[in-house]
């Protein structure tokens with residue numbers, strides 16, 4: 001009888017860690033380029049790690065030596081405004097009602113890797129692995145399509161030059177018309 005009670009207590013005390021299935025395309029949509037670095041926003045990471053944004057940032061502050069400026073940095077107002085336009089994230093709210101109260105922090109790939117070590121959970125480890133795979137896949141995509149990106153850039157430059165020439169010719173035509 002005692003062994004049955006013990007088994008029941010053990011099973012009640014065991015906490016099951018939910019299995020987090022990371023969908024890479026979903027993660028890739030949460031990666032932004034800011035200051036020429038691929039980064040993720042603290043609130044998006046908190047959502048993936050299943051913690052509050054404040055808890056994530058407090059864990060970082062307790063371990064700040066692990067997060068130099070090239071691992072984590074705070075956005076400027078201008079960067080945040082640009083990001084809001086791109087992604088539709090919530091606005092800063094100085095009144096304290098809903099939304100963010102401070103400018104968000106963003107984490108580079110190295111900073112995200114470090115997060116798993118300060119959050120101390122199986123979820124954090126699993127999520128970090130998924131995020132690292134997403135970063136690797138994005139680098140692979142960029143490398144595999146570098147030639148395509150270069151060709152698009154060249155087409156854009158040619159288009160701008162053509163537009164400039166067209167504008168100059170139209171200006172000459174308008175000047176001629178106004179003189180006659």
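Annotations for the structure displayed:
- Modelled spin-label separation between residue 163 and residue 145, with each label point placed 7 Å from Cα along the Cα-to-Cβ direction: 2.2 nm.
- Length released on extending from residue 69 to residue 55, taking residue separation times 0.36 nm less the Cα-Cα span: 3.1 nm
- Value of D in µm² per second that Stokes-Einstein yields for the range 23-144, Kirkwood Rh from Cα pairs, at 37 °C (0.692 mPa s): 222
- Overall form of the range 95-180 per C-alpha gyration tensor (a/c, 1.5; a/b vs b/c): oblate
- Computed FRET value (nearest 0.05) for residue 102 with residue 153, which takes r as the C-beta separation and R₀ as 35 Å: 0.45
Throughout, read-outs are computed from the coordinates displayed, never taken from laboratory work. Given the structure is predicted, the values throughout are model-derived calculations rather than measurements. For neighbour counting, all protein chains shown are included, and Cβ atoms are generated from backbone atoms with ideal geometry for every residue, glycine included.
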